[in-house]
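Comments concern the structure below.
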Amino acid sequence: MRGLYIHVPFCVRKCPYCDFYSEKFSPEKSEKYTAAVVRNLKRYPVKFDTVYFGGGTPALISGKIAEILREVDYPEGAEITVECNPDVTNERVLAELKNAGVNRISFGVQSLNEGELEALGRLHGAESAKKAIILAHELGFENISADLMLGVPQQSVRSLEQTIDELCKLPITHVSAYLLKIEPNTPFGKNPPEIPDEDGQAELYLAAVEMLEKRGFLQYEISNFAKNGFESRHNLIYWRAEEYVGIGPAAHSYFNGTRFAVPRNTAEFLENHAQRELVTDENPDKYEEKILLGLRLREGILLDERIEKRLRLVPKELFRVENGRVSLTPEGFLLSNSIISAILS
Ligand code: SF4
């Protein structure tokens with residue numbers, strides 16, 4: 001399997017917690033950006049099994065997605081995802097995506113609680129998020145994901161349960177639930193809001209796992225849940241250490257055995273004939289990567305003698321061994337960094 005990631009570095013406005021690379025959108029930049037993506041795609045004349053437009057706010061260039069996808073070689077039935085923010089989603093945007101061949105939408109919902117959305121500085125409210133999901137479904141999208149944020153200012157297990165309850169009644173197939181991280185170079189980093197402490201975050205995370213599983217969304221990765229058969233094929237490529245090409249500023253790639261990244265600089269990306277690709281790992285250690293990435297997944301990794309020996313140091317409730325594979329439990333996922341270091345040390 002091979003994936004294509006396209007980073008669209010534009011947003012309407014920067015959210016105060018966000019460290020993803022993006023800048024203010026303008027229609028002129030989007031013209032130049034599309035041309036630059038097309039130029040770079042020609043440098044990779046290979047087949048892709050999945051395509052993922054992330055950002056930023058890719059829905060802002062919905063009218064350009066068809067032009068970009070025309071340059072991509074992908075088989076019938078390939079998973080093609082576009083991240084959408086509810087505030088920029090309307091019938092025109094969704095119709096453009098549908099006509100371009102997009103078959104999966106990932107909505108940045110974050111919460112269905114007005115106070116929490118406001119605290120996160122989001123431009124949408126709970127109602128517009130629900131309407132966007134329903135509209136996408138009515139227009140024929142059958143594979144819809146929603147991003148949720150855990151550990152948000154003012155969030156309680158009760159408010160989280162209300163959000164999850166309402167969300168799971170909507171026509172969605174997949175949920176990504178990430179803990180809010182305060183990044184240093186963001187307004188939240190400079191002026192941190194009050195958020196749940198480590199124990200509070202752990203409680204919210206474990207509650208989310210239980211609530212989502214009860215509603216038919218099975219955990220298949222630390223932060224990802226899906227109805228049966230709707231796991232993100234694109235993200236599985238990353239976690240199974242398979243090949244992917246990233247186009248656009250800040251995009252990462254793993255291609256021909258090398259990991260590389262494009263600098264976080266839109267002006268440079270628009271100007272250069274070919275994007276600058278800086279090698280981040282010339283020859284990744286396959287064994288180490290399999291452990292690092294594979295232990296994020298519910299399917300886990302193959303158990304071998306070395307791992308078995310190291311696992312003696314890890315409390316039993318943090319992992320499970322089934323059919324010759326080892327995987328982490330939800331409690332183990334919370335401590336995955338230290339478990340992985342224990343195994344690799
Ligand atoms: S969270 Fe999403 S919409 Fe907000 S600034 Fe970051 S990429 Fe843009």
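Please say if the range 138-189 is rounded, prolate or oblate, where rounded means a/c under 1.5 for a ≥ b ≥ c the square roots of the C-alpha gyration tensor eigenvalues, and otherwise the choice is prolate for a/b larger than b/c and oblate otherwise?
Values: a/c = 3.45, a/b = 1.66, b/c = 2.08.
Since a/c reaches 1.5 but b/c is at least a/b, the shape of the range 138-189 is classed as oblate.
Need one word for the range 299-345: rounded, prolate or oblate. Basis is the Cα gyration tensor (sqrt eigenvalues a ≥ b ≥ c); a/c below 1.5 gives rounded, then a/b vs b/c decides. List each step's numbers first, then the result.
Numbers: a/c = 1.64, a/b = 1.09, b/c = 1.50.
Oblate, because a/c is 1.5 or more while a/b does not exceed b/c.
May I ask you to order 195-202, 167-174, 114-121 by the average number of other C-beta atoms within 10 Å around their residues, highest value first?
Values: 195-202: 14.6, 167-174: 18.6, 114-121: 17.1.
With the highest mean Cβ count within 10 Å placed first, the list reads 167-174, 114-121, 195-202.
What ³J(HN,Hα) values, in whole Hz, does the Karplus curve 6.51 cos²θ - 1.76 cosθ + 1.60 give for the range 44-61 when θ = phi - 60°, with x put for Gly and Pro?
With coefficients 6.51, -1.76 and 1.60, one gets 10, x, 10, 7, 10, 8, 9, 10, 9, 9, x, x, x, 10, x, 4, 5, 10 Hz.
Could you tell me how far the Cα centroid of the range 85-111 sits from the Cα centroid of the range 23-55, in Å?
What the calculation gives is 17 Å, centre to centre.
Number of Lys pairs in the range 27-120 with C-alpha atoms less than 20 angstrom apart, excluding same-chain neighbours closer than eight positions? Show your work: numbers first, answer last.
On the way: Lys29/Lys64; Lys32/Lys42; Lys32/Lys64; Lys42/Lys64; Lys64/Lys98.
Total qualifying Lys-Lys pairs in the range 27-120 comes to 5.
Helix-only estimate, please: 222 nm mean residue ellipticity of the chain, summing -39500 (n - 2.57) across DSSP H runs of length 4 or more and dividing by its residues, to the nearest 500.
-10000 deg cm²/dmol
If each Cα of the chain is one equal point scatterer, what is log10 of I(q)/I(0) from the Debye formula at q = 0.08 Å⁻¹?
-0.39
Answer rounded, prolate or oblate for the range 167-262, using the Cα gyration tensor with square roots of eigenvalues a ≥ b ≥ c: rounded when a/c is under 1.5, else prolate when a/b is larger than b/c, else oblate. Spell out each step's value before the answer.
Working: a/c = 2.38, a/b = 1.13, b/c = 2.10.
Oblate, since a/c reaches 1.5 and b/c is not below a/b.
Count the DSSP beta bridges whose two residues both fall in the range 2-238, then state the antiparallel fraction as a percent rounded to the nearest 5. Walk me through the intermediate numbers first.
On the way: 6 of 33 bridges.
Looking only at bridges with both residues in the range 2-238, the antiparallel portion is about 20 percent.
Determine the dipole magnitude for the range 2-238: charges of +1 sit on the beta-carbon of Lys and Arg, -1 on that of Asp and Glu, nothing else is charged, the reference point is the Cα centre, and the result goes in debye to the nearest 20.
Working: 26 positive and 34 negative charges, 204 e Å.
Dipole about the Cα centre, nearest 20: 980 debye.
Using Cα pairs closer than 8 Å and at least 6 residues apart in sequence, work out the relative contact order for the range 2-238, in percent.
Working: 415 pairs, mean separation 42.0, N = 237.
For the range 2-238, the relative contact order is 18 percent.
Residues in the range 305-345 near a label at Glu210, defined as backbone nitrogen under 14 Å from the 7 Å Cα→Cβ point?
330-331
Once you have the alpha carbon radius of gyration of the range 59-206, what is it after dividing by 2.2 N^0.38 Å, with N set to its residue count? If you can, show how the numbers build up before the last one.
Details: Rg = 16.7 Å, N = 148, 2.2 N^0.38 = 14.7 Å.
Normalised Rg, Cα atoms only: 1.14.
For the range 144-172 and the range 189-241, write down the distance between their C-alpha centroids in whole Å.
Answer, in whole Å: 11.
Tell me the trypsin sites (Lys or Arg not before Pro) within the range 293-345 that lie in a loop according to DSSP and have at most 12 other beta-carbon atoms within 10 Å.
Numbers: sites: Arg296, Arg298, Arg306, Lys309, Arg310, Arg312, Lys316, Arg320, Arg325; in loops: Arg296, Arg298, Arg312.
The qualifying sites are Arg312.
Which of the cysteines in the chain are isolated, no other cysteine C-beta under 4.7 Å?
Among the cysteines of the chain, those whose Cβ sits 4.7 Å or more from every other are Cys11, Cys84, Cys168.
Lys190 to Glu299: FRET efficiency via 1/(1 + (r/R0)^6), r the Cβ-Cβ distance, R0 51 Å, to the nearest 0.05?
On the way: r = 40 Å, r/R0 = 0.78.
The computed FRET efficiency comes out at 0.80.
Rounded to the nearest 0.05, what FRET efficiency is calculated for Glu317 and Ser345 with R0 set to 22 Å and r the Cβ-Cβ distance? Walk me through the intermediate numbers first.
Values: r = 21 Å, r/R0 = 0.95.
The computed FRET efficiency comes out at 0.60.
Read the figures in this text as sums done on the coordinates, not as results from a lab. Bear in mind that the values here come from a model prediction, so they are computed numbers and not experimental data. All Cβ positions, glycine included, derive from the backbone under ideal geometry; neighbour counts span all protein chains shown.
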